[in-house]
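The values are calculated or read from the model by the stated rules, or taken from the named source; none is laboratory data. Keep in mind that what you see is a predicted model, and the values were worked out from it rather than measured. With ideal geometry, Cβ positions are generated from the backbone for all residues, glycine too; neighbour counts draw on all protein chains shown. For the accessible areas, the whole protein counts, side chains as well, though only heavy atoms, and no ligand, DNA or RNA atoms are used. Shrake-Rupley method; radii C 1.70, N 1.55, O 1.52, S 1.80 Å.
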Amino acid sequence: MRYSNLFIPTMRETPSGINAISHILMLRAGYVRQLAAGLFIFLPLGWRVLNKINTILKEEMERIGAQEISMPILHPAEIWQQTGRWYTIKEEMFRLKDRTGRDMCLGMTHEEIMAWIASKEIKSYRQLPQIWYQIQTKLRDEARPRGGVLRTREFIMKDSYSFDIDWKGLDESYRLHTEAYHRIFTRCGLLYYQVESDPGIMGDLESHEFMAPTPAGEDDIVLCDNCDYAANIEVAKANLPTLLPLNLEFKEIYTPQKKSVKEVSEFLNIDEKFFIKTLLVISEKNEPVLVMLRGDQELNEKKLAKIIGEFTFATFEQAEEILGVELGFVGPIGHNIKKIADLSIQREIHYISGANKKDYHLQGIVPGVHFEAQWTDIRKVKERDLCPKCGKSVRVEKAIEVGNIFKLGTKYTEPLHAYFLDRDGVEKPIIMGSYGIGTARVAAAAIEQNYDKDGIIWPKSISPFDIEIIPLNMGDAKTVKLAEELYEKVGEIYNSFADRHMEVLIDDRDERPGVKFKDADLIGIPIQVIIGEKALKENKIEIRKRRTKESKLVSINKAVVEIVNSYYETY
Ligand code: ATP
Ligand code: MG
């Protein structure tokens, strides 16, 4: 394609108030423009990238036998009411009424519609298994759209759904998707990890996320370099090194004005590990709950929410009212309210915590002896904790979720009556799975992982073009003639890497070389072919790799082969 025919509105300045690298670069390189909060327009280059990714998604889905279909974005409320998600999902769902006053919503995902169509059409085990997928728009009124196209309110998702006769069948569909996902993200040039995850609103069976590590990520993932343990911090488990006990006489100690674990620990010169952090929270059912963890540990709010629902931390006033003591001196002994304690303090050794009396703490507390609680894992794993699989230290990394896979079982098929007759004529619910990948998020994650100070460095599989030809002086007939020739010839080469022809962009604008170089680096096409008068005099052109900025002069009669080889060499 010709640069002069393409709309690529690059910007020299970094727009203000924008943080994510991918957002800055997509704007600056003319890939996207923002319409409103969380709504983006994909300009020609941006759309080409999405199409590249969608092609990879399609190819890998078809490879595992998935069939493409298309479902409406506008849904009748009843189907969502039948599964209950009409009520459990809150502001994230866009709701509206049609002209007859009927409740409708915009699809934020399609489990309901999929289970509905399966309930109508699948009658017998002979029709199973099936995998259906679509690449289509989703709408979610996200609380915090952010990072450009990383989190938007309207986005394209590849969503696939598997239907099986039994759990063994689901395991196989899940395995097929896992393999497809590895191929997809590898082909897209992403660094990624497959991690155990929290199924959230999808269900409560096995699920995994595919996470692209980058500082721009919203998620923390826990990784073990010694074995293959990898989990989202929301569900990650790990152990703590064994604590050598201290001997502390059971007695109250005067700790004037010292409230936090840190303050008391410094005041008494006793390590925070020997403290019990006691927190008062108010559960979803409006019940007070006393939550306990080891003094040096943090609460994992997601883990606690799984037990008591969405909760809030008690205010100063609530604590006074419920426990009769100031926050900061609350301890585990002597309250009749529900208690949940983390496994990190389930040891019969001496600890210190609040004495439930202003300005006093109590030492020598022995869990299980002085107080009882519901013992469970509510701790947030941190760097250097011990891997639950192999015992070596784990590390924590920031990452962006680019895809996920969920086992749904009968969560949607039962309420929507998606039953089939098995071999023995017995009616059974279809066993379902659901699998998503966000196209634009893959593109943004690729930029977050591949850029330099001058712009984007596309992994070549998803670059909008393979090769950019840059004639420096459009006024020089010899330059233009050669550029046009190479444009034709390279474009005729079959790109066996991508199973199509080479896609070549020629910068035929009448611009200064400096402008062309800056734009070329900004838009990030892997190979630049520079045609300048000086080299031409020696019958040479320059081939430059965007990623490494390595450049070499090659003679004109070998140009095509050298360009194609350089393309194959780079990644
Ligand atoms: P997140 O935790 O980031 O909100 P999610 O768990 O809600 O993601 P799913 O509903 O499972 O995500 O969607 C599948 C995929 O769709 C995600 O892995 C991600 O790639 C993409 N995706 C989800 N929400 C958005 C969004 N608001 N903008 C862009 N892509 C999204
Ligand atoms: Mg979400």
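Taking the range 207-222 as the range and being over 11 Å from the mean Cα position of the chain (by Cα) and open to solvent by less than 10 Å² (accessible area, probe 1.4 Å) as the test, the residues that pass are 207, 222. Yes or no: the range 92-104 includes at least one residue that is of a type outside the set (Asp, Glu), assigned by TED's automatic domain parsing to the domain that holds residue 170, closer than 30 Å to residue 426 by Cβ and away from ligand 1 (no atom under 16 Å from the Cβ). Scanning the range 92-104 turns up no residue that is of a type outside the set (Asp, Glu), assigned by TED's automatic domain parsing to the domain that holds residue 170, closer than 30 Å to residue 426 by Cβ and away from ligand 1 (no atom under 16 Å from the Cβ). Entry remark, the range 3-19: residues being in contact (Cβ under 8 Å) with a residue 40 or more places away in the chain, exposed (fewer than 12 other Cβ atoms within 10 Å of the Cβ) and within 25 Å of residue 466 (Cβ to Cβ) number 0 in total.
Residue-wise test of (1) touching a residue at least 40 places away in the same chain (Cβ under 8 Å); (2) among the small types (Gly, Ala, Ser).
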| site | (1), (2) |
| --- | --- |
| 21 | yes, no |
| 26 | yes, no |
| 29 | yes, yes |
| 38 | yes, yes |
| 47 | no, no |
| 62 | no, no |
| 86 | no, no |
| 102 | no, no |
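Selection over the range 467-482 of residues that are more than 12 Å from residue 533 (Cβ to Cβ) and not basic (Lys, Arg) gives a count of 4.
Only one entry of 282, 270 meets the criterion of being β-branched (Val, Ile, Thr), surrounded by 13 or more Cβ atoms within 10 Å (Cβ to Cβ) and more than 23 Å from residue 340 (Cα to Cα), and that entry is 270.
Considering only residues in the range 188-206 that are open to solvent by less than 70 Å² (accessible area, probe 1.4 Å) and at pLDDT 95 or above, the one that is farthest from ligand 1 (Cβ to nearest atom) turns out to be 189. Selection of first residues in the range 143-155 that are within 9 Å of ligand 1 (Cβ to nearest atom) and of second residues that are among the polar types (S, T, N, Q) and assigned to a strand (DSSP E or B), restricted to Cβ pairs under 9 Å at least 6 apart or on distinct chains, gives the following pairs, ordered by first then second residue: 154/137; 155/137. Give me a count of the residues in the range 207-234 that are of a type outside the set (Gly, Ala, Ser) and within 13 Å of ligand 1 (Cβ to nearest atom). Of the residues in that region, 11 qualify. The conditions of being open to solvent by 40 Å² or more (accessible area, probe 1.4 Å), assigned to a loop (DSSP other than H, G, I, E, B) and free of Cβ contacts under 8 Å to residues at least 60 places away in the same chain are not met by residue 423. Restricting to the range 131-145, name every residue that is within 12 Å of ligand 2 (Cβ to nearest atom) and surrounded by fewer than 18 Cβ atoms within 10 Å (Cβ to Cβ). Residues satisfying the conditions are 141, 142, 143, 144. A search for C-beta distances below 6 Å between a residue of the range 530-545 that is within 11 Å of residue 476 (Cβ to Cβ) and any residue that is open to solvent by less than 80 Å² (accessible area, probe 1.4 Å) and of a type in the set (Asp, Glu), counting only pairs 6+ apart in sequence or on different chains, returns 533/476.
So that you can scan it fast, the table gives a plain yes or no per residue for (1) within 16 Å of ligand 2 (Cβ to nearest atom); (2) in a strand (DSSP E or B); (3) open to solvent by 40 Å² or more (accessible area, probe 1.4 Å); (4) at pLDDT 95 or above:
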| residue | (1), (2), (3), (4) |
| --- | --- |
| 375 | no, yes, yes, yes |
| 399 | yes, yes, no, yes |
| 435 | yes, yes, no, yes |
| 444 | yes, no, no, yes |
| 448 | no, no, no, yes |
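Every residue, every condition in (1) within 16 Å of ligand 2 (Cβ to nearest atom); (2) acidic (Asp, Glu); (3) closer than 30 Å to residue 444 by Cα, yes or no:
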| residue | (1), (2), (3) |
| --- | --- |
| 107 | yes, no, yes |
| 114 | no, no, yes |
| 121 | no, yes, no |
| 129 | no, no, no |
| 164 | no, yes, no |
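Taking the range 380-397 as the range and being open to solvent by 10 Å² or more (accessible area, probe 1.4 Å) and outside any loop (DSSP other than H, G, I, E, B) as the test, the residues that pass are 386, 393, 395, 396, 397. Of all residues in the range 81-112, those satisfying the criterion of being part of a helix (DSSP H, G or I) and either open to solvent by less than 20 Å² (accessible area, probe 1.4 Å) or aromatic (Phe, Trp, Tyr) (or both) are 85, 86, 87, 111, 112. Scan the range 298-310 and tell me whether some residue there is among the charged types (D, E, K, R), open to solvent by less than 40 Å² (accessible area, probe 1.4 Å) and out of contact with any Gly (no Cβ under 6 Å at 6 or more places or on another chain). Yes.
Identify, please: which residue in the range 223-238 is assigned to a loop (DSSP other than H, G, I, E, B) and under 20 Å from the mean Cα position of the chain (by Cα) and is, among those, surrounded by the most Cβ atoms within 10 Å (Cβ to Cβ)? Only one residue tops the list, namely 236.
In the range 175-187, is there at least one residue being part of a loop (DSSP other than H, G, I, E, B) and away from ligand 1 (no atom under 12 Å from the Cβ)? Within the range 175-187 (the criterion being part of a loop (DSSP other than H, G, I, E, B) and away from ligand 1 (no atom under 12 Å from the Cβ)), the answer is no, since none of the residues qualifies. Any chance the range 463-483 includes a residue that's of a type outside the set (S, T, N, Q), within 16 Å of ligand 1 (Cβ to nearest atom), in contact (Cβ under 8 Å) with a residue 24 or more places away in the chain and open to solvent by 40 Å² or more (accessible area, probe 1.4 Å)? No, the range 463-483 contains no residue that is of a type outside the set (S, T, N, Q), within 16 Å of ligand 1 (Cβ to nearest atom), in contact (Cβ under 8 Å) with a residue 24 or more places away in the chain and open to solvent by 40 Å² or more (accessible area, probe 1.4 Å).
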